[in-house]
Amino acid sequence: MNSKILRYTVPPEDDGRLVWRIARGKMGVSARQLSRAKVINGLILDGESVHADRAVRAGQTLCIEIYDDAPAFAPAPEEAEVDIVYEDEDIYVVNKPAPLAVQSSPRQSDNTLENRLAFRFKDVPGFIFRPVNRLDKGTSGLMAAAKHAHAQAALAKQLHTPAFVREYLAVVQGTPEPAGGVIDLPIGKADGATVKREVRPDGKPCRTHYDVVLSCGGISLVHLVLETGRTHQIRVHMKAIGCPVLGDFLYGDGRPDVLPGRFALHSARMRFLHPLSGKELAFSSPLPPELQSLMCGGKTE
């Protein structure tokens with residue numbers, strides 16, 4: 001199992017607080033992680049193993065040892081290209097191609113991003129793939145992942161807040177009217193379906209901001225920003241306003257002749273706060289050539 005040591009130097013305003021309050025409130029340690037740290041004597045104050053109800057003093061250093069659980073399904077490593085655009089000791093950001101499924105499973109045990117990452121991190125004992133945001137098989141672009149459970153939990157708390165911004169580019173059929181706005185329509189699972197979603201009154205609240213970047217030849221390049229993160233949100237919302245994503249086999253006409261195996265949706269920009277340092281990080285990924293070629297002879301600017 002992998003472990004991670006979290007460190008916190010106690011500031012004057014935390015003088016006299018209990019270890020467990022510092023761990024939960026200031027260090028972002030989950031209740032499960034804290035319980036496990038107590039069992040393994042993983043609460044260390046200035047080099048001394050302490051109980052969770054120990055009071056801390058300003059200037060002391062509290063260390064907490066966090067362990068990852070073993071993965072439920074261990075993917076087989078596959079040697080194939082994987083584009084990691086950023087990496088540090090806590091997180092990494094991947095530029096996923098399409099079509100490529102994200103996670104392996106007993107149903108699909110090979111040819112996934114997880115299989116490729118298992119090879120990329122083959123020297124890491126007990127590698128666990130911990131994605132923070134997810135992309136459909138047919139969607140390309142940026143994904144964030146964590147190297148340990150604490151970083152994943154911290155990023156997950158940001159995911160549907162203004163701290164974690166996800167921007168997409170999509171080539172859609174037709175031209176949205178008006179050319180910019182917010183699609184505020186609830187989405188839920190379609191009756192009798194296991195995967196397909198639809199706009200429905202009893203669905204969960206969903207908001208998608210959009211702006212038309214370019215229109216030509218009966219299609220448009222649209223910039224989208226997610227305020228919520230429901231399954232298939234962009235695809236369902238674009239269909240709902242009469243402009244389905246080009247190539248979408250589930251919510252549009254599908255165009256395997258033009259976009260084999262994928263549709264015209266790309267995770268283009270991402271911005272969030274580093275889960276440990278709090279520093280803002282921003283990343284971008286250009287529109288793939290196969291999507292650029294759809295617009296006005298390949299010109300998207």
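The values are calculated or read from the model by the stated rules, or taken from the named source; none is laboratory data. Keep in mind it's a predicted model, so treat the numbers as computed, not measured. Cβ sites come from the backbone with ideal geometry, for glycine too, and all protein chains shown count toward neighbours.
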- prompt: Among E13, E81, which is the only one that is in a helix (DSSP H, G or I), surrounded by fewer than 15 Cβ atoms within 10 Å (Cβ to Cβ) and either in contact (Cβ under 8 Å) with a residue 24 or more places away in the chain or more than 27 Å from the chain's Cα centre (by Cα) (or both)?
  reply: E13
task: Look through A74, A58 and report the one residue that is modelled with pLDDT under 80 and not in a helix (DSSP H, G or I).
output: A74
- request: Taking the options A149, A154, A145, name whichever one is free of Cβ contacts under 8 Å to residues at least 60 places away in the same chain and not β-branched (V, I, T).
  value: A145
query: Out of region 259-285, which residues are over 18 Å from the mean Cα position of the chain (by Cα) and loosely packed, with under 15 Cβ neighbours inside 10 Å?
result: P260, G261, S277
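Per-residue answers, yes or no, for (1) surrounded by 21 or more Cβ atoms within 10 Å (Cβ to Cβ); (2) more than 9 Å from the chain's Cα centre (by Cα):
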| position | (1), (2) |
| --- | --- |
| P125 | no, yes |
| I128 | yes, yes |
| G138 | yes, yes |
| L142 | yes, no |
| A145 | yes, no |
| A153 | no, yes |
| K157 | no, yes |
| H160 | no, yes |
| A163 | no, yes |
task: Hey, can you tell me all the residues within region 84-132 that are assigned to a loop (DSSP other than H, G, I, E, B), farther than 27 Å from Q158 by Cα and of a type outside the set (S, T, Y)?
output: P99, P106, R107, Q108, D110, N111, K122, D123, P125
task: Evaluate region 190-213: report whether one residue or more is more than 20 Å from T139 (Cα to Cα), in contact with a helix residue (DSSP H, G or I) (Cβ under 8 Å, 6 or more places away or on another chain) and not β-branched (V, I, T).
output: no
Criterion violated by E114 - all others in (1) without any contact (Cβ under 8 Å) to a residue 40 or more places away in the chain; (2) surrounded by fewer than 20 Cβ atoms within 10 Å (Cβ to Cβ); (3) touching a Phe, Trp or Tyr at 6+ places or on another chain (Cβ under 6 Å) satisfied: (2)
- prompt: Condition test on V132, is it under 28 Å from L259 (Cβ atoms), modelled with pLDDT of 90 or more, touching a Leu at 6+ places or on another chain (Cβ under 6 Å) and outside the structural domain of H232 (by TED's automatic domain parsing)?
  reply: yes
task: Report, by residue number, each residue of region 37-55 that is part of a loop (DSSP other than H, G, I, E, B) and among the charged types (D, E, K, R).
output: D46, D53, R54
- prompt: Any residue at all in region 95-105 that is surrounded by fewer than 14 Cβ atoms within 10 Å (Cβ to Cβ) and more than 22 Å from H274 (Cα to Cα)?
  reply: yes
query: Do you know which of the residues in region 226-254 that are under 20 Å from M143 (Cα atoms) and touching a Pro at 6+ places or on another chain (Cβ under 8 Å) is surrounded by the fewest Cβ atoms within 10 Å (Cβ to Cβ)?
result: T228
- request: Name the single residue, out of those in region 167-187 being surrounded by 20 or more Cβ atoms within 10 Å (Cβ to Cβ) and without any contact (Cβ under 8 Å) to a residue 60 or more places away in the chain, that is farthest from L246 (Cα to Cα).
  value: I187
